[in-house]
Structures are given as C-alpha cells and as structure tokens.
1. If each of Thr86 and Ser63 carries a label point 7 Å out from its Cα toward its Cβ, how far apart are those two points in nm?
2. So between Lys184 and Glu77, what do we pick up on full extension, going 0.36 nm a residue minus the alpha carbon distance?
3. On full extension of the chain, what length is gained from Asp17 through Lys163, given 0.36 nm per residue of separation minus the C-alpha to C-alpha distance?
Amino acid sequence: MPLVKSLAHRIHRHLPDTVDVNDLIGQGILAVLESAQRLDNTKNPEAYLKLRIKGAIYDYLRSLDFGSKSLRKREKEIKQTLERLTQELGREPTDDELISALGEKPETFYSDLQKISASYILSLDDIFREGRSYEEVLSAKLGSPEENVMEADLKEKIISAIKRLEQREQLVLQLLFYEEIPAKEVAKLLGVSTARISQIKESAINKLKEMLKDVV
C-alpha cells in the first residue's frame with residue numbers, strides 16, 4: 001500500500017533507529033483495514049485514510065513511552081551541558097564539543113536526541129489531533145459547510161499562534177515538519193548544534209500547546 005508506506009517512512013525520519021519502520025507500516029495497514037467499511041467516496045477518502053493511518057501510527061509510538069521520566073532526565077542533562085558550554089565558549093558548541101563534554105559516543109547522543117524529538121512530535125500531534133500533520137492542519141479541506149467553517153476558524157487560530165512564535169522557532173518548525181528536513185541538517189543550515197534545534201522545537205511546541213489549549 002503506497003500511501004501507508006509513504007506516511008510511515010515520513011514519520012520514521014524523525015524517530016530513533018530502534019523503531020522499525022515495518023512496525024509503523026503494519027499499524028498503518030491495520031488502520032486501513034479497520035477503516036475500509038467506513039469509507040465514503042464522496043468525502044475525500046484519501047484524506048480520511050491519512051488521518052486514520054497517522055493516528056494509528058502515533059498511538060503505537062505513544063505505547064513506546066518516549067516521554068518517560070528517564071528520557072526527560074536525559075533531556076535536562078543535555079540541555080544543561082549545552083547551556084554551560086555556550087557560556088564557557090561564548091558561542092554555540094558544535095555537536096562534537098557537546099558529545100565530548102557529555103563523555104559519550106556520538107551514536108548514543110544522536111539516538112537520545114531522536115527519542116526526545118519523537119516525544120515532542122507526539123506532543124505536536126496532540127495539539128492538532130486526529131493524526132493531522134503540521135502542514136495538513138494548514139491546508140486540510142473537509143466536506144460539509146459546517147466542517148469547513150470550523151476548519152477555517154481552527155486554521156486561522158493555529159496560524160495566528162504560530163506567527164506569535166519567535167522567528168527562529170517558526171523556521172525550525174517549518175524546516176522539520178513541513179520541509180521534513182532531518183534535525184542534523186537543520187542544525188547545519190542554522191549554524192547551531194542538533195541539541196539546540198531540539199531545544200528550540202521543545203520551546204515552540206510548548207508555547208503552541210499553551211496558546212491553543214482552549215482551542216483544540
């Protein structure tokens with residue numbers, strides 16, 4: 001199923017290597033099978049399937065517990081080391097400098113950052129609900145006039161909230177979730193460490209959750 005595979009691979013780009021893309025594909029296929037009888041060909045069935053597939057994949061990822069206490073402790077350790085090095089060096093540390101200061105292997109560092117990143121991707125999904133992606137919320141088309149009015153209002157509020165973010169936060173969300181550029185590449189583009197990108201993303205998502213808590 002090309003649609004399932006495409007969505008699974010897109011989501012998998014933001015996940016640690018320990019997550020098997022085939023598991024995501026499997027969850028997506030199950031969602032399609034469960035949704036088949038409820039499809040309405042007059043109301044954009046592909047859009048409906050996308051929501052169900054992504055919803056199933058994100059539910060599976062939540063079961064992997066990327067938001068565990070140990071991961072938050074690890075995130076705090078990286079963040080504190082990043083801030084300390086920034087003060088000591090008078091500039092953003094490179095990934096290599098940060099890895100050296102943490103005293104660990106690069107693969108461990110990047111794997112942990114991916115796990116942290118995955119936990120915030122799920123937080124972003126919670127904001128938009130029903131498995132919609134960042135770009136789909138800003139461009140989705142629904143069927144009935146009532147749905148279109150509700151969607152237009154929601155879209156306007158989300159765009160307004162995003163515009164209230166700092167410019168760098170907006171750019172990071174754009175590059176990560178719309179352009180789908182890997183965090184390491186975004187870090188190179190902006191001339192900062194991968195850990196800093198993770199921190200900017202965390203800040204942006206937490207701000208969006210607060211601004212939209214009574215909206216979505």
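1. Once both label points are built, they end up 3.8 nm from each other.
2. 36.6 nm
3. 49.3 nm
Quick note: the coordinates plus some simple rules give every number you see, no bench work behind them. Because the structure is predicted, anything quoted here is derived from the model rather than measured. Every residue, glycine as well, gets a Cβ built from its backbone with ideal geometry; the counts of neighbours run over all protein chains shown.
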